[in-house]
Amino acid sequence: TSSAAGRYQFLASTWDEQSEKLGLRDFSPASQDAAAWNLAKQDYSAKTGRDLLEDLRSGDAGSIAKVGSVLSSTWTSLPSGIEATTNGSKFTKAFRGNLSSYG
């Protein structure tokens, strides 16, 4: 059994930590987006010492694929994760097509 819920499959403990840190009052899509972005930046920085947004904005396919790999322990369906449903090139293509305007 898992407590994972929402669009990013937050575990209850992770959601509690992020919602408290960010002062989120609900589990709305906007709150989930804010929590996921904060968690991604936090974990990426802790693992690489680099800024996530800076690496994503570089547009370099290698950097974008690296992001997926680095965050695969946070979101296990990313490239290199234990439940990987995509590979690095597919992740990069999806990012460029759908997420490049976020941040």
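If you go through region 29-52 one residue at a time, do you hit one that is open to solvent by less than 40 Å² (accessible area, probe 1.4 Å), at pLDDT 65 or above and aromatic (Phe, Trp, Tyr)?
yes
Please specify each residue of region 53-65 satisfying the condition of being surrounded by 15 or more Cβ atoms within 10 Å (Cβ to Cβ) and free of Cβ contacts under 8 Å to residues at least 12 places away in the same chain.
Answer for region 53-65, where residues must be surrounded by 15 or more Cβ atoms within 10 Å (Cβ to Cβ) and free of Cβ contacts under 8 Å to residues at least 12 places away in the same chain: just 63.
List every residue pair whose Cβ atoms sit under 7 Å apart, with the two residues 6 or more apart in sequence or on different chains, where the first one lies in region 34-52 and is of a type in the set (Val, Ile, Thr) and the second, anywhere, is buried (at least 16 other Cβ atoms within 10 Å of the Cβ).
48/70
Those residues that are within 19 Å of residue 74 (Cα to Cα) and open to solvent by 40 Å² or more (accessible area, probe 1.4 Å), I need them from region 15-26; list them, please.
Of everything in region 15-26, those that are within 19 Å of residue 74 (Cα to Cα) and open to solvent by 40 Å² or more (accessible area, probe 1.4 Å) turn out to be 16, 17, 20, 21, 22.
Mind listing whichever residues of region 1-50 are under 13 Å from the mean Cα position of the chain (by Cα) and part of a loop (DSSP other than H, G, I, E, B)?
7, 8, 9
The values are calculated or read from the model by the stated rules, or taken from the named source; none is laboratory data. Since the model is a prediction, treat every value here as computed from it, not as a measurement. Backbone-built Cβ (ideal geometry, glycine too); neighbour counts: all protein chains shown. Ligands, DNA and RNA are excluded from the accessible area calculation, which covers all protein heavy atoms including side chains. Shrake-Rupley method; radii C 1.70, N 1.55, O 1.52, S 1.80 Å.
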